[in-house]
1. Can you list residue pairs whose Cβ atoms sit under 7 Å apart, with the first residue in segment 35-53 being in contact (Cβ under 8 Å) with a residue 40 or more places away in the chain and the second being of a type in the set (Asp, Glu) and within 16 Å of the ligand (Cβ to nearest atom)? Count only pairs 6 or more apart in sequence or on different chains.
2. On the phi < 0 side of the Ramachandran plot, over 23 Å from the mean Cα position of the chain (by Cα) and away from the ligand (no atom under 16 Å from the Cβ): does that describe LYS81?
3. Quick one: ARG234 ticks every box in (1) over 30 Å from ASP99 (Cβ atoms); (2) at pLDDT 95 or above; (3) surrounded by fewer than 21 Cβ atoms within 10 Å (Cβ to Cβ) except a single one, so which number is it?
4. Scan segment 50-80 for residues that are hydrophobic (A, V, I, L, M, F, W, C) and modelled with pLDDT under 95 and report the count.
5. Just name the residue that is nearest to ARG224 (Cα to Cα) out of those in segment 155-192 that are touching a Phe, Trp or Tyr at 6+ places or on another chain (Cβ under 7 Å), open to solvent by 10 Å² or more (accessible area, probe 1.4 Å) and in a helix (DSSP H, G or I).
6. State the number of residues belonging to segment 92-120 that are open to solvent by less than 10 Å² (accessible area, probe 1.4 Å) and in contact with a His (Cβ under 7 Å, 6 or more places away or on another chain).
7. Within segment 94-109, is even one residue within 16 Å of the ligand (Cβ to nearest atom) and among the hydroxyl-bearing types (Ser, Thr, Tyr)?
8. Hey, does segment 200-216 have a residue that's open to solvent by 70 Å² or more (accessible area, probe 1.4 Å) and at pLDDT below 95?
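The values are calculated or read from the model by the stated rules, or taken from the named source; none is laboratory data. All of these numbers come straight from a predicted model, not from anything done at the bench. Positions of Cβ are backbone-derived with ideal geometry, glycine not excepted, and every protein chain shown enters the neighbour counts. To get the accessible areas, we keep the full protein, side chains included, count just its heavy atoms, and leave off ligands, DNA and RNA. Shrake-Rupley method; radii C 1.70, N 1.55, O 1.52, S 1.80 Å.
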Amino acid sequence: MRHLLGIEGLSQGQITDILDLAEQYVSRNRQPDKHVGGLAGRTMINMFFENSTRTQASFEIAGKRLGADVLNMSMATSSVKKGETLIDTALTLNAMHPDLLVVRHQNSGAVALLAEKVNCAVINAGDGRHEHPTQALLDALTIRRRKGRLHRLTVAICGDIAHSRVARSNILLLGKMENRVRLVGPRTLMPTGVDKFGVEVFEDMREGLEGADVVMMLRLQKERMDGGFIPSEREYFHRWGLDAEKLGYAKDEAIVMHPGPMNRGVEIDGEIADDINRSVIQEQVEMGVAVRMAVLDLLSRPTHNGRESLLA
Ligand code: CP
C-alpha cells in the first residue's frame with residue numbers, strides 16, 4: 001500500500017490486516033497514555049476542501065497519538081480562494097516534504113489525481129460520490145466487534161445511496177468479505193447501474209429490513225442534489241426514515257449504524273439513534289480513530305513487510 005485511495009484496490013487479506021491492527025489501537029486508545037510515537041519526525045497534512053467533523057478530527061488525533069507533526073490546512077482561507085488549482089496547491093505542499101496527505105474533495109477522482117503528482121502517501125478522506133475508504137473500514141471494524149464476524153451477514157444500507165461515497169465503499173468492502181448486501185430507498189436515490197453491483201435492491205423499508213443483521217442509515221446528501229429527489233422530508237421520514245416500527249422487521253439483535261452527520265427526524269428517529277441497546281453510532285466514531293491510526297501506521301512503513309507495526 002503506497003496510498004489508500006479506495007476499498008476497490010484492497011484484497012480481503014489487506015482489509016483483515018488493517019482491521020487486526022486497528023483492533024490493537026482500540027485497546028491502546030482506552031489506556032490513559034495513548035501515545036505510540038512511531039511517527040515522530042513525520043509530517044502529515046490534512047487538506048479538507050469539504051466540511052468534516054469526524055474524519056478530520058480523528059485523523060488529527062490519530063496522527064498526534066502516533067507522534068507525527070500534524071498540519072490542518074484551512075482550505076477556506078488558503079490560496080485556493082484566489083484561484084489556485086488543486087494540483088498547484090498539492091505541488092506547493094509537496095515541496096515542503098510532507099510524508100502523509102489526507103485529502104477530502106468534492107469531486108470524484110480528485111484525490112487519485114492528486115496522488116499522481118506528489119511524492120508522499122495520500123489517503124482519500126472522501127471524494128465526491130466515489131469513495132470514503134476509512135469510513136467503510138471503521139464500519140467493518142464496528143460490525144466485526146459487535147457481530148463477532150465480518151462474513152455471511154445481511155446488511156441493509158438505507159437511504160440516499162446515489163450520492164453516497166460511504167455506501168459505495170461499504171458495498172465494495174462488504175461484498176469482498178462475502179456478506180449479503182441490500183440497498184433500500186426510493187428509486188430516485190438509487191445509482192444508475194445498480195443492477196450490476198451484486199446487491200439486492202428494495203424500495204420498501206420493511207421488505208429490505210426483514211431479517212437484517214445490520215441496518216446502516218445514510219444522510220440525505222442535499223449538497224450533491226441538483227433537483228427534487230424526494231417529495232418532502234416529512235414524506236421521506238414516513239416511508240424511509242428508521243423508526244421502532246420499521247426496525248422491528250430486522251433481527252432482534254440487529255445493530256443500527258449511521259456514519260454521521262445525521263439528520264434526526266429525516267433519515268432516523270432520534271430515539272433509535274440514542275438507544276444504546278441498538279445504536280452503535282458512537283462506537284463507529286471511536287473505531288474511526290483506531291482505523292485511521294492503523295492506516296497511518298501501515299502507510300508509513302518503508303515497504304510492505306519492511307518493519308513491524310509501530311505498536312510492536
Ligand atoms: N462520516 C463522516 O465522514 O463524517 P464527517 O463529514 O463529519 O467527517
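1. Note: pairs meeting the criteria are ASN46/GLU60.
2. Here the answer is yes, as LYS81 does meet what is asked.
3. (2) is the only condition that ARG234 fails.
4. So the count comes out to 4.
5. It comes out as THR188.
6. Counting residues in segment 92-120 that are open to solvent by less than 10 Å² (accessible area, probe 1.4 Å) and in contact with a His (Cβ under 7 Å, 6 or more places away or on another chain) gives 2.
7. For segment 94-109, residues within 16 Å of the ligand (Cβ to nearest atom) and among the hydroxyl-bearing types (Ser, Thr, Tyr): present.
8. no
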